[in-house]
Amino acid sequence: MTFDTILPYLPLLNVVIIPVVGWLLRVFKQGLVSKEDLGVHTNRLTALERRTDLIDRDLKHLPDQHDLARLKDAIAALAGDSKAQTQQLRAVSTALSRIEDYLLKAAK
């Protein structure tokens with residue numbers, strides 16, 4: 001290949017190929033991230049990872065579904081015990097009223 005065979009294609013090279021390559025380089029460069037932007041995004045990602053780790057650690061200490069079911073059963077048992085005690089107190093109150101009435105009548 002000699003210079004004479006390339007010479008007719010030089011105008012095509014100047015007009016078409018060099019601008020296209022320049023445009024491709026510009027598009028490629030715009031697609032790249034600058035070091036400052038990369039640093040900002042890295043810092044944000046690190047902060048988000050820290051927050052996620054804190055949330056995960058806090059969630060481990062919260063009650064799960066089984067704990068809530070046991071708590072519900074315990075509350076139901078307490079409610080039943082409370083009803084039983086209320087009935088016993090009514091019986092004691094009735095008996096006390098009867099004794100009080102008896103003593104008041106006996107004192108007259």
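One table, with the values for the structure above:
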read-out: Every residue from segment 60-108 that is under 48 Å from the mean Cα position of the chain (by Cα) and not in a helix (DSSP H, G or I); value: H61, L62, P63, D64
read-out: Filtered residues of segment 1-50 (kept if aromatic (F, W, Y), modelled with pLDDT under 80 and surrounded by 10 or more Cβ atoms within 10 Å (Cβ to Cβ)); value: Y9
read-out: Test set (1) part of a helix (DSSP H, G or I); (2) surrounded by 10 or more Cβ atoms within 10 Å (Cβ to Cβ) - D56 fails condition number; value: (2)
read-out: Scope segment 7-49; condition in a helix (DSSP H, G or I) and of a type in the set (V, I, T); matching residues; value: V15, V16, I17, I18, V20, V21, V27, V40, T42, T46
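The values are calculated or read from the model by the stated rules, or taken from the named source; none is laboratory data. Bear in mind the structure is a predicted one, so any value in this text is a computation, not a measurement. Here Cβ is always computed from backbone atoms with ideal geometry, including for glycine, and neighbour counts include all displayed protein chains.
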